[in-house]
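What follows draws every value from the coordinates through simple rules; no lab data is involved. Bear in mind the structure is a predicted one, so any value in this text is a computation, not a measurement. Cβ: placed from backbone, ideal geometry, glycine included. Neighbour counts: every protein chain shown.
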Amino acid sequence: MALTAEWAAAWLRECARVMTEHRSELIELDRAIGDADHGENMHRGFAAVAEKLNAAEAASTPGEVLKLSAMTLMSTVGGAAGPLYGTAFLRAATGLGDAAEVDADAVVVMLTAARDGVVARGKAEPGDKTMVDAWTPAVEAAETSVSAGASAAEALKAAANAAQAGAAATEPLIARKGRASYLGERSAGHRDPGAVSTGLILQAAADSAGDML
Ligand code: ADP
Ligand code: MG
């Protein structure tokens, strides 16, 4: 089945659910190399998105859902993650335009736009131990799978798996951007919380798409 506005709303509601479920885990990851607020930031931000979606009239395109989510994340999530995810969702919305459905090629466009937005905003490169280390392999995996004929849902699954592997691979890295970079070499040995939350967001996208099949 096609990925419509209904899918996008289901994705964001699933984000709210998983951020609540993983709130403590993300807090502990951020306690190790930051200021222990990432879990609360994500939980609060996506809960606000879910509320906004419930209150608003049903959107007619996936892009509209992502834009509403972006605005809500920017205004409710403090710290580095709010503007970064806000920009990611806003650029993703712009990438989708007013298309009624997200097909396999549009998954690549959407993820590329989101990753480019995070990079434009935060200026991190791959290997800096940030969420870019989850977004970049996700984009690459989506591209590879779509070139090989994957469906939109399959491309999201490939992206989610790659994001999670990318998040795991941040563990030995030394942070060069964000609050964790203040720790220098002591940041090694812990996963980056934002890379982990990116894995959760993309897993939620894939799961919601899977439910629509
Ligand atoms: P803060 O660091 O302000 O407390 P959060 O704890 O909510 O904000 O988010 C921290 C996460 O933000 C990090 O784990 C990292 O993934 C991401 N991050 C921080 N700075 C950058 C940056 N310049 N580029 C990309 N991601 C970043
Ligand atoms: Mg923090």
For this session: Per residue, how big is the convex hull around the C-alpha atoms of the stretch 5-212? Give it to me in cubic angstrom, could you?
Result: 92 Å³
Seminar exercise, completed: Applied in sequence order to the stretch 151-168, the curve 6.51 cos²θ - 1.76 cosθ + 1.60 (Karplus, θ = phi - 60°) yields integer Hz couplings, x standing for Gly and Pro, of 7, 4, 5, 5, 5, 5, 5, 4, 5, 5, 4, 5, 5, 5, 5, x, 5, 4
Exercise. The stretch 6-87: which GluC sites (Glu not before Pro) are DSSP loop and have at most 13 other beta-carbon atoms within 10 angstrom?
Worked result: 57
For this session: Per residue of the stretch 70-79, in order, report the coupling 6.51 cos²θ - 1.76 cosθ + 1.60 (Karplus, θ = phi - 60°) as ³J(HN,Hα) in whole Hz, putting x for Gly and Pro.
Result: 4, 4, 5, 5, 5, 8, 10, 9, x, x
For this session: Would you grab the residues whose amide H sits under 5 Å from the one on residue 178? Only those 5+ places off in sequence or on another chain, please, with H modelled 1.01 Å from N.
Result: none
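Using 0.36 nm per residue of separation minus the Cα-Cα distance, give me the extension gain between residue 120 and residue 188 in nm, one decimal.
Working: separation 68, 0.36 × 68 = 24.48 nm, distance 2.50 nm.
Contour length minus the Cα-Cα distance gives 22.0 nm.
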Seminar exercise, completed: Looking only at lysines whose Cα falls under 26 Å of residue 177's and that sit 8 or more positions away or on another chain, we get 123, 129
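Using only helices, what value at 222 nm comes out for the chain when you add -39,500 (n - 2.57) per DSSP H run of length 4 or more and divide by the total residues, to the nearest 500 deg cm²/dmol? Walk me through the numbers before you get to the answer.
Working: 9 runs with 149 residues, N = 213.
Dividing the helical sum by the residues of the chain leaves -23500 deg cm²/dmol.
Relative contact order of the chain, please, whole-number percent, based on alpha carbon pairs below 8 angstrom and at least 6 residues apart. The partial results should precede the final answer.
Values: 428 pairs, mean separation 49.9, N = 213.
23 percent.
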Exercise. For residue 3, which sequence-distant residues (separation of 5 or more, or a different chain) have an amide H within less than 5 Å of its own amide H, given hydrogens modelled in the peptide plane?
Worked result: 102
Seminar exercise, completed: Taking a straight Cα-to-Cα line shorter than 22 Å from residue 52, and setting aside same-chain lysines fewer than 8 residues away, one finds 67
Seminar exercise, completed: Candidate cut points under trypsin sites (Lys or Arg not before Pro) in the stretch 46-140, DSSP loop plus at most 15 other Cβ atoms within 10 Å of their own Cβ, are 123
